[in-house]
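The values are calculated or read from the model by the stated rules, or taken from the named source; none is laboratory data. Everything numeric in this text was worked out from a predicted model, so none of it was measured. Don't worry about glycine lacking a Cβ; one is built from the backbone with ideal geometry, like all the others, and counts go over all protein chains shown.
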Amino acid sequence: MSKKFMVLALAVVSAAFFALPAMASAQEIHLEPAQSFTTSGPGGELQASGEPTITCTSTSGSGSYDAGSTTTGSSTLDFTGCHTAVFGFTASCKSEGAATSGTIATGGTFHLITISSGVPGVLLTTNPVKIVCAGISTITTSGNVIGTITSPACGSSSKEVKLSFGVKEGVQNHLSYTGKIYDLTAQTGSSTPVTAALVGNATNTTTNASKLNCT
């Protein structure tokens, strides 16, 4: 069994959105008006070929848009109930500095994007996070995750933005944006980073309804 432990970075989550340098405006989408939001969800898991899966049972957090922007911003997330299987036993995982066992605290910035024609999404870029599972090994996760905005549809308004992060054969469903590949990685010690894929759903909720403008 590999000593590497895949960890949920969701960033992962799940539902924080993450920022990039300036890009072609045709690829950007906007939430108007931009508002601060809270994030909630059932957690998720990180998968990688030949590696144990890290599972978290709940996600909570908050975020806001940059001043004057309806596309980019930053957020923080707490994933709780995080664990993996070690030699047949369930082992708790936590980020370094987290006060509570089973909690992975992360954050980053977000960028609302067009994944393909008519398909809105979000590119998440996580701050590096160090995770310890059962006190055995320290894993550093970093990189990017592209997720789909499943609701509202382009041109519609809602108080909730629903996100979905899917995986096919151990690889994220969406990896490319503006011709560049964005990947999530996990690294144990000084070993070579391996590609990881995030599975999860989350909802960002605002006080008032905002319109998703994809043009």
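Scanning region 62-79 for residues that are among the β-branched types (Val, Ile, Thr) and modelled with pLDDT under 95 yields one hit, Thr76.
Selection within region 134-157: residues that are closer than 23 Å to Val171 by Cβ and among the hydrophobic types (A, V, I, L, M, F, W, C). The member of this set that is surrounded by the most Cβ atoms within 10 Å (Cβ to Cβ) is Val145. Residues of region 116-140 that are over 17 Å from Asp183 (Cβ atoms), in contact (Cβ under 8 Å) with a residue 24 or more places away in the chain and not in a loop (DSSP other than H, G, I, E, B): Val119, Pro120, Lys130, Ile131, Val132, Cys133, Ser137, Thr138.
For residues that are assigned to a strand (DSSP E or B), among the β-branched types (Val, Ile, Thr) and more than 12 Å from the chain's Cα centre (by Cα), scanning just region 186-202, find the one that is surrounded by the most Cβ atoms within 10 Å (Cβ to Cβ). The qualifying residue surrounded by the most Cβ atoms within 10 Å (Cβ to Cβ) is Thr188. Residues in region 99-115 that are aliphatic (A, V, I, L, M) and free of Cβ contacts under 8 Å to residues at least 12 places away in the same chain: 1 in all.
Here region 149-200 is the region considered, the condition is being charged (D, E, K, R) and free of Cβ contacts under 8 Å to residues at least 24 places away in the same chain, and the residue that is farthest from Ser60 (Cα to Cα) is Lys180. Scanning region 141-183 for residues that are part of a strand (DSSP E or B) and among the hydroxyl-bearing types (Ser, Thr, Tyr) yields Thr141, Ser142, Thr148, Thr150, Ser151, Ser157, Ser158, Ser164, Ser176, Tyr177. Only a single item in (1) more than 24 Å from Ser95 (Cα to Cα); (2) in contact with a Cys (Cβ under 8 Å, 6 or more places away or on another chain); (3) not aromatic (Phe, Trp, Tyr) is not met by Ala134, and it is number (1). For region 56-82, the set of residues classified as surrounded by fewer than 22 Cβ atoms within 10 Å (Cβ to Cβ) and under 19 Å from Val199 (Cβ atoms) consists of Thr57, Ser58, Ser60, Asp78, Thr80, Gly81, listed by residue number.
For region 19-61, the set of residues classified as polar (S, T, N, Q), under 19 Å from Phe110 (Cβ atoms) and at pLDDT below 80 consists of Ser25 only.
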